[in-house]
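Since the structure comes first, as structure tokens, the remarks are kept for the end.
The values are calculated or read from the model by the stated rules, or taken from the named source; none is laboratory data. Just so we're clear, the structure is a prediction, and the values are computed from it rather than from any experiment. Glycine also receives a Cβ, built like all others from the backbone with ideal geometry; neighbour counts cover every protein chain displayed.
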Amino acid sequence: MRAKPLQKRKPHARRRLAVKVDTKKPKKPPTAFFYFLEDFRKTFKEENPNVKSMREIGKACGEKWKTMPFGEKVKYYDIATKKRAEFEKAMAEFIRRKENGEESEESEDEYK
């Protein structure tokens, strides 16, 4: 009976330290492309009901976005810009509260 050849072990990937995520922190808004993707997905599914793969929908959407003239994209850029401004305002408020210590007091009260 032959012995199995020794397999080389792969070095373990460095384990990332657990980072505390602040649940009160505002989330970044999607880009203009993702707002377009929402609209495109609806129309694409109506035109192609047999296509279920998100990969195929994503590819078709990417091609459409690339060939789309800027004038049609403006609608989505406007939405994204508006959402980005709202995010920046909320983020500034979040940072202000965190620096003043208001955020930590609120979270401590929730657990009591």
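When residues in the range 3-59 are screened for being closer than 30 Å to ALA92 by Cβ, modelled with pLDDT of 85 or more and of a type in the set (A, V, I, L, M, F, W, C), 5 of them pass. The residues of the range 12-53 that are hydrophobic (A, V, I, L, M, F, W, C) and within 16 Å of the chain's Cα centre (by Cα), listed by number, are VAL21, ALA32, PHE33, PHE34, PHE36, LEU37.
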